[in-house]
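Working notes, beginning with the structure itself.
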Amino acid sequence: MTDGPAADLAALGRAFEEITAWLRRSRTASEVSATGLSLLDRLDIGGALRVTDLAALEGVTQPAATALVNRLSDQGWVGRTADPTDGRASLVSITDAGRQRLQQHRDERSRRIAERLALLDATDQAALRAALPALRHLPAAPAARPTP
């Protein structure tokens with residue numbers, strides 16, 4: 001087995017994959033998919049976007065993004081308005097009901113994480129708390145190259 005930075009990065013990547021998979025598997029049955037929740041989160045944080053931009057940012061095809069936006073719209077969680085810069089396009093934004101559903105998801109996720117953290121010893125809990133600032137900065141770090 002290789003030691004050093006490459007092994008540490010591989011282990012970190014694997015840990016992220018395991019945590020992400022655990023979070024998805026531990027969700028209760030829901031009327032909204034993980035991709036739908038990600039889209040709601042993106043709209044909540046970043047504001048209104050075109051479907052084509054949502055597709056690119058979420059890493060899905062434009063038809064898949066359109067279908068997802070339609071499902072979220074049917075639930076009343078997103079709405080469409082005319083794009084003031086292009087009359088042929090529309091902007092998708094999160095509704096108050098969408099924010100409420102997203103907050104429900106966040107609360108449920110926090111509860112699941114708290115339950116799992118309670119199973120760890122104090123040293124592991126402290127290590128995770130100490131890592132929070134770096135973990136928060138990781139997604140916002142400028143990319144060296146475009147993400148495929």
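The values are calculated or read from the model by the stated rules, or taken from the named source; none is laboratory data. Computed from a prediction, not measured in an experiment: that's the story for all the values here. Heads up, the Cβs are rebuilt from the backbone with ideal geometry, glycines too, and the neighbour counts pull from every protein chain shown.
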- Task: Give me a count of the residues in the range 1-10 that are modelled with pLDDT under 90 and part of a helix (DSSP H, G or I).
- Result: 5
- Query: Do we have Arg25 as out of contact with any His (no Cβ under 7 Å at 6 or more places or on another chain), loosely packed, with under 10 Cβ neighbours inside 10 Å, without any contact (Cβ under 8 Å) to a residue 24 or more places away in the chain and within 25 Å of Trp77 (Cβ to Cβ) here?
  - Reply: yes
- Query: Going through the range 38-62 one residue at a time, which ones are part of a helix (DSSP H, G or I) and either touching a Cys at 6+ places or on another chain (Cβ under 9 Å) or in contact (Cβ under 8 Å) with a residue 40 or more places away in the chain (or both)?
  - Reply: Leu40, Asp41, Leu43, Asp44, Val51
- Message: Quick check on my filter: what residues within the range 45-66 are within 14 Å of Gly98 (Cβ to Cβ) and either among the hydrophobic types (A, V, I, L, M, F, W, C) or under 11 Å from the mean Cα position of the chain (by Cα) (or both)?
- Response: Ile45, Ala48, Leu49, Leu54
- Task: Specify which of the listed residues (Arg88, Arg80) is out of contact with any strand residue (DSSP E or B) (no Cβ under 8 Å at 6 or more places or on another chain), closer than 19 Å to Leu54 by Cα and not in a helix (DSSP H, G or I).
- Result: Arg88
- Task: State which residue pairs qualify: first residue among the aromatic types (Phe, Trp, Tyr) and inside the range 72-84, second residue surrounded by 15 or more Cβ atoms within 10 Å (Cβ to Cβ) and assigned to a loop (DSSP other than H, G, I, E, B) in any location, beta carbons under 9 Å apart, and separation of 6 or more residues or different chains.
- Result: Trp77/Val32; Trp77/Thr95
- Message: List the residue pairs whose Cβ atoms are under 6 Å apart, where the first residue sits in the range 122-136 and is surrounded by 10 or more Cβ atoms within 10 Å (Cβ to Cβ), the second is of a type outside the set (Lys, Arg) and in a helix (DSSP H, G or I), and the two are 6 or more positions apart or on different chains.
- Response: Gln125/Leu117
- Cβ pairs under 9 Å, 6+ apart, first in the range 87-112 and free of Cβ contacts under 8 Å to residues at least 60 places away in the same chain and surrounded by 13 or more Cβ atoms within 10 Å (Cβ to Cβ), second among the small types (Gly, Ala, Ser) and in a strand (DSSP E or B): Ala89/Ala82; Ser90/Ala82; Leu91/Ala82; Val92/Gly79; Ser93/Gly79; Ile94/Gly79; Thr95/Gly79; Gly98/Gly79
